[in-house]
Each structure stands twice: as structure tokens, then as C-alpha cells.
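Undergrad: The structure that follows is given in the form of C-alpha cells.
The values are calculated or read from the model by the stated rules, or taken from the named source; none is laboratory data. As the structure is a computational prediction, the values presented were derived from the model and not from experiment. So basically every Cβ, Gly included, is an ideal-geometry build from the backbone, and we count neighbours across all protein chains shown. Just so you know, the surface numbers come from the protein's heavy atoms only, side chains and all, with ligands and any DNA or RNA stripped out. Shrake-Rupley method; radii C 1.70, N 1.55, O 1.52, S 1.80 Å.
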Amino acid sequence: MTTPGTTPKTTPHTTPPPAGTPRAAEVTRTTRAHSFNAAAAQYAANRPSYPPALLDALEELAGRPLAGSRVVDVGAGTGIATALLHARGADVIAVEPGAGMAAEFRRTLPDVPVLRGSGNALPLADHSADLLTYAQAWHWTDPDRAVPEALRVLRPGGALALWWNTAALDVPWIAAAADRIDRHFGLALSAEQRDVGARTADPAGLLDFVHRTVRWSRRVPLDTHLANLGSHSVFLTDGEDRGAAFLAEERRHLLADFPDGVVEETYDVRLLLARTPATA
């Protein structure tokens, strides 16, 4: 999913900020966030969905069924999570900042309304939602803005739910693949996945999150697995040639583990949920 913001403009006389500075990090983050719009179809076709047990946990922790609830799915992207919420009977509105992702959403879910906006400035009335959901999207927000916005939009007794599919790093082949990706990009991406917690989600400590982990897996053709990898922002912004070279080498590694060409991806869905007081 994507994040709002204006793509930074440069002129021939503008010197980019040195690598490693906060401004450089923000430019990189913005570029990564916007990268999904050009790859929306690839994202929709290859990204994993979520297991029914996640929605069961969501209902349990929220203390209400999805059926009949007014749910706002923020950073909805191509609608992977939105479709599941809708199928459970929720009255869903999607919010998505990216034009490319929103267009793909409308193609796949024409009967579900999607508004252009972001978690930092929700295009919704006060106390208008029972549940706000962020599937793979909260990390593109500014929590100092997004948490107060969530509290503004949620009804008394409502809930904010954040979740991520994270790689199950206790599975040997997944740990090895994650290490190869970290070394390629010079980033601790696998460590970022492990850093999914209340302190990161809400640094100001305004919310009381509970945590649930749901493990699940899917078996997909190797081409689907590689296309899924390639739909992540770090690959989309790495340069076409470098990305293609890495994925070609990754194919060789994975065929050694999965000679039949079918990959079993294992995920831990990390769910954080915070409820608002039952009275305003």
C-alpha cells in the first residue's frame, strides 16, 4: 500500500541531500511509497492475501462481528484486505492515496467505494466508523498525525486494527532468502519486519494495543513468488536491471529448495488492535 505526499521536485541547481540524512531518508521513503502505483497490477496478482483466522481474531479482539459494522480500510491499495472484509459482511469504505492503486481497486472491486486520502488526513466525518483497518499500510503514515485522526473518526467503542504479513524467519529457507535480500539492499529489512509493535505504531502511547500473531502459508508457482518479491517497494525503486539480476539469481537458489517449482511461503500475520472507550 502507498503513502500520501508530493513527489519532491528538483532543478538543475538543486543538490540532493547527502545519503543518510533525515531528509534523504524521507525522500527515499516517499519514492518507495509512490512506487506501487506503476506496479498496481503486479501487486494485485501476486501479493498474498490473509487467512480466515486473522478475521476471526479481528472480530474477537474488536468485540464485534464484521457483518454490519462500518469499516474503513485505509491504505487499501488494490483491495486485497478490503475484499475479505466485504465478504464477511462489513459495510466497507476504502481510503487510498495512490492513483494507480485506486484504479486497480476500482477494477477489481467496483461495488466498494474508494476515497482518495490517507491515514494522516482521513476524508471522513467525526465518529463515523466502527473499525479502522490498515493492512500493510500503517508504516507509510506519520503516527503523530494518524493516531489522532483514527481517534477522531472512530465511534465510541470502536477499534483501530493494524496488521502485516511478515516472513516466518524460523523457516530455514525463508531466513536464508531474507539474508540474501538484506545483503543485496544493504538494509536490515528482516529486522524491520520484527519491529512491529505498539511502541513503533504509536510512539506517543495514546493507544492500548493488544497483539495477536496468526501463522499461515500458501503454495504458489515460483514465478508468482518472484513477482511478489518484485512488487515490494525496495525492488521497485532498485533499478530494473539490478532487480532483474537479483531475481534471476534468487530463482536459482529457490529451485535448489523447491525443484518442482512450487514454493511454500509461510507468514506470521502480526495484528495490533486498540479499542476506544465505549463512551465519548
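Undergrad: Using the Karplus equation 6.51 cos²θ - 1.76 cosθ + 1.60 (θ = phi - 60°), what ³J(HN,Hα) coupling, rounded to whole Hz, does each residue of region 244-259 give in order, writing x for Gly and Pro?
TA: My calculation for region 244-259 gives 5, 5, 5, 5, 5, 5, 5, 4, 5, 4, 6, 5, 5, 8, 10, x Hz in order.
Undergrad: Can you send over the carbon and sulfur percentage of the accessible area for region 99-152, probe radius 1.4 Å, protein chains only?
TA: Summing carbon and sulfur atoms, their accessible area is 54 percent of the total for region 99-152.
Undergrad: If you don't mind, there's one more thing I want to ask. Give me the percent of the accessible area of region 172-254 that comes from carbon and sulfur atoms, probe 1.4 Å, all protein chains in place.
TA: Ligands and nucleic acids excluded, carbon and sulfur reach 53 percent.
Undergrad: Could the peptides 223-230, 77-84, 61-68, 98-105 be put in order, highest first, of the mean number of other beta-carbon atoms found within 10 Å of their residues?
TA: In descending order of packing, they fall as 77-84, 98-105, 223-230, 61-68.
Undergrad: Mind checking the per residue accessible area of region 46-179 for me, 1.4 Å probe, whole number of Å²?
TA: Accessible area per residue, region 46-179: 35 Å².
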